[in-house]
Amino acid sequence: MKKLFTILAAVAFVVAFSVPAMAAAEWNFYGSARMSTFWTDTDNPGAVLDDSGLTTWDLQGNSRVGANVKAGDIYGRFEYGVTNQTTGAHEAARVRLLYGTWNFGPGKLLIGKAYTPGFNLISNQVFAGDNDLLFYGAASGRVRQAQIALHMGGLKIALVEPNTPGYAADPAATWVAGTVADTDNSIPLIEASYAFAFGPVKMTVFGGYHSYDQEVNTATANLASTSIDSYVYGATAKTTFGPIFLNGSINFGQNFAAYGWLHDPAWAPVRLYNATTGLWAENDVDDWGFNLVAGFKVNDMLTFEAGYGYANSELDTVLKNDDTTVSYYLNATINLAKGCFIVPEIGVVDDKDITVGGVDADQGKLTYFGAKWQINF
């Protein structure tokens, strides 16, 4: 009986002191319902059915609910979405954001899943679930990843969950019997950005670095190992002249696919071990891309925007392996009420030619038109 009384007293003590603390926190919930209504026409060169049409009439994957929470110097945010934006598969719920920050005066410490410093989109392309030219040369960063970050003024530095893609097998099939491939990483991905103003221009410079090892092992020994290093650097700029706005971004780097940078034609770097010669074939990828966006705000109800995105990857081999994708669009944001708007849009995703081993092949083109419908609450 005494033990029960002690437990109840302890629970009452905790509740008595925790409830006022919880009540002091400011909770602000929010949500966003988004619908895609688009028609697409795809040109597939060489296919039996060359042209194909498709209607999309669905809840967007980036529809979300969440909350901002503040208690003194502590701030938190969580956000749940309904669909995996990478695979497109419907799910009951998925965590988009879940992080907390501590404001210690000169800066903030962030812990959790949040946008990485290199995520600096400048486009409002709404096709494909608010794509924002994300795969077509945009400053995508690692998007939303687990991280520990420090924010001080315009400077952001983050240690981010590393990306460890799979291992490429040797096409010559010269593996030693009993060997296995292994991928290891010893440090997190590092990403940083710095935002500043230069007259009427708001700029952000960014960069990141990632490295991991690939090994060939037997049950008792390591036969060989090699490292895959990837990096990215670039800048974004935004400026406004009355009702006119102009935005631009550019990024360069190596092995975007290994880094986890969203870049549509990104070749994977190749590390192939030949057990007969004991040598590695080490081929890296040169990646780059850019975005250009221009718009005109007629009034608070109507804004026009046009954008162009370009992404290129070239695999460093004896025979040329090169791939380019571009996307361009024109849209109008029509505000019906506060938090309620429609964005009709027409655009193109052109996969252009791919060059493999010096041989070119047309990859086709997709043309789309339709609208996004959105209500924020």
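In nm, to one decimal, how far is the Met35 label point from the Ser227 one, both placed 7 Å along Cα→Cβ?
5.3 nm
What does the C-alpha gyration tensor say about the overall shape of the range 28-376? Classify as rounded when a/c is under 1.5, otherwise prolate if a/b is larger than b/c, or oblate.
Working: a/c = 1.83, a/b = 1.30, b/c = 1.41.
Oblate, because a/c is 1.5 or more while a/b does not exceed b/c.
Explain nothing, just compute: Karplus ³J(HN,Hα) = 6.51 cos²θ - 1.76 cosθ + 1.60, θ = phi - 60°, for every residue of the range 312-325 in order, whole Hz, x for Gly and Pro.
Working through the residues one at a time gives 9, 9, 10, 7, 7, 10, 4, 8, 5, 10, 9, 9, 9, 9 Hz.
Given an 8 Å cut-off on Cα distances and at least 6 residues of separation, report the relative contact order of the range 28-376 as a percent.
15 percent
Using the Cα centre of the range 222-370 as the reference point, and only Cβ charges (+1 on K/R, -1 on D/E), how large is the resulting charge dipole? Debye, rounded to the nearest 20.
Result for the range 222-370 is approximately 620 debye, rounded to the nearest 20.
Quick one: how many lysine pairs does the range 28-376 have with C-alpha atoms less than 18 Å apart and a gap of 8 or more or different chains? Give me the count, please.
11
Along the charge dipole of the range 28-376, Cβ charges K/R +1 and D/E -1, which of Asn28, Gly107, Gly137 sits furthest on the positive end?
In the range 28-376, that residue is Asn28.
Highest mean first, how do 351-362, 148-159 rank when packing is the count of other Cβ atoms within 10 Å averaged over residues?
148-159, 351-362
Each residue of the range 340-353 in turn: what ³J(HN,Hα) in whole Hz from Karplus with 6.51, -1.76, 1.60 and θ = phi - 60°, glycine and Pro shown as x?
10, 8, 10, 10, x, 8, 10, x, 9, 10, 10, 7, 6, 8
Can you tally the net charge around Gly358? Count Lys and Arg as +1, Asp and Glu as -1, for every other residue whose Cβ sits under 13 Å from the Cβ of Gly358.
Cβ neighbours under 13 Å give a net charge of -3.
Would you mind putting 131-144, 101-114, 288-301 in packing order, based on average other-beta-carbon counts within 10 Å, highest first?
Numbers: 131-144: 24.6, 101-114: 14.9, 288-301: 17.1.
Listed from highest to lowest mean packing, they are 131-144, 288-301, 101-114.
Can you work out the FRET efficiency for the pair Asp362 and Lys338, with r the C-beta to C-beta distance and R0 = 56 Å, to the nearest 0.05?
Numbers: r = 46 Å, r/R0 = 0.83.
It comes out at approximately 0.75.
Quick note: the coordinates plus some simple rules give every number you see, no bench work behind them. Please read these numbers as outputs of a predicted model, since none were measured by experiment. No Cβ is skipped: glycine too gets one built from the backbone with ideal geometry, and neighbour counts run over all protein chains shown.
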